[in-house]
1. Consider only pairs whose beta carbons are under 8 Å apart and that are at least six residues apart or on different chains; among these, list those whose first residue lies in the range 72-90 and is surrounded by 14 or more Cβ atoms within 10 Å (Cβ to Cβ) and whose second residue is polar (S, T, N, Q) and modelled with pLDDT under 95.
2. Collect the residues in the range 148-169 that are touching a residue at least 40 places away in the same chain (Cβ under 8 Å), out of contact with any helix residue (DSSP H, G or I) (no Cβ under 7 Å at 6 or more places or on another chain) and in a strand (DSSP E or B), keeping them in residue-number order.
3. Limited to the range 8-30, what total is found for residues that are under 29 Å from TYR73 (Cβ atoms) and either surrounded by 11 or more Cβ atoms within 10 Å (Cβ to Cβ) or among the small types (Gly, Ala, Ser) (or both)?
4. Taking into account only those residues within the range 116-137 that are in contact with a Ser or Thr (Cβ under 8 Å, 6 or more places away or on another chain) and assigned to a loop (DSSP other than H, G, I, E, B), which is surrounded by the most Cβ atoms within 10 Å (Cβ to Cβ)?
5. Which one of these is at pLDDT 95 or above, hydrophobic (A, V, I, L, M, F, W, C) and over 13 Å from the mean Cα position of the chain (by Cα): VAL113, VAL90, VAL131?
6. Residues of the range 230-240 being buried (at least 17 other Cβ atoms within 10 Å of the Cβ), farther than 15 Å from TYR166 by Cβ and touching a Lys or Arg at 6+ places or on another chain (Cβ under 8 Å), which ones?
7. For residues that are surrounded by fewer than 21 Cβ atoms within 10 Å (Cβ to Cβ), of a type in the set (D, E, K, R) and at pLDDT 95 or above, tally how many sit in the range 180-221.
8. Please pick out the residue among GLY150, GLY156 that is within 18 Å of the chain's Cα centre (by Cα), crowded, with 22+ Cβ neighbours inside 10 Å and among the small types (Gly, Ala, Ser).
Amino acid sequence: MVANYKYNNEFIEVMAMFEISGKNNIGLGVNFFTEKYNYLNGDNNIDKSKVPLSSEQDKSMIKLVYTYDDLKYDYYLLSGFKSVLNLQGVVTENDFNNAFLIGFNDFLYFTRVGLKGNFATRLRLGIATNVNSPFAPFAVDNNLNIRGVGNTIDRGSASAVWNLEYRHTIIEKNWFVLQTNFFMDAGSWRSPGGHLSDILDSENFRIYAGGGLRFMHKKIYNAIFRIDYGYGITEEINTGGIVIGIGQYF
């Protein structure tokens, strides 16, 4: 059964940051948010007792973020290693979700390639309480993990995502930089209520490759406009799409 929903998230968050050392930081925060789902189209035989046509869920979250940052910056060029651990406890009471826990870690590595090249990679591993819900916490989404796949096309209760990217400077002026990039995004998810072995199931794999451009202000941190096009390269996936955003993808 497949159904499409329009998803909206409104939130307010407060965080306190604590510096342990120059490379180690901890953040503690609380987040109050409302998730709204409205059925658009899909399976006409949808079971309304199990999957709603519309849902509005008020939730609250306590989160802890631990960051180890050993990156070296040369304007927009990066080298080194960074790790970000995110632990969350979400409280909600409704017919389709109960309180649950989420944990995921981003491992990022960057290295310079000559004077104009930059290799970048991110490995994200995550797991959550394995509730059998159509609104599980880990999403397959253009803007989060797989460029070109679409907007929140699937959800899971655990995930493994690997992003690879090569960035190359085409034009560099006093303040302006134009970069091109080539990337591959790959990931797999555990189905809600399923088993961790689902991640190894080929039907759950998403592999996309593509390229894009970066328009950057050299002297303002993260003042980057990006545009990417990703295309599915596995036999089961032949879709593609454009992803536009601010800042590097990771």
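1. From the range 72-90, the pairs are VAL90/SER60.
2. GLY156, SER159, TRP162, ASN163, LEU164, GLU165, TYR166, ARG167, HIS168, THR169
3. So the count comes out to 14.
4. ALA136
5. VAL113 is the lone residue from the list that is at pLDDT 95 or above, hydrophobic (A, V, I, L, M, F, W, C) and over 13 Å from the mean Cα position of the chain (by Cα).
6. Scanning the range 230-240 gives a single hit, GLY232.
7. 0
8. Just a single option satisfies the conditions, and that option is GLY156.
The values are calculated or read from the model by the stated rules, or taken from the named source; none is laboratory data. The structure presented is a predicted model; accordingly, all values stated were derived computationally and were not measured. All Cβ positions, glycine included, derive from the backbone under ideal geometry; neighbour counts span all protein chains shown.
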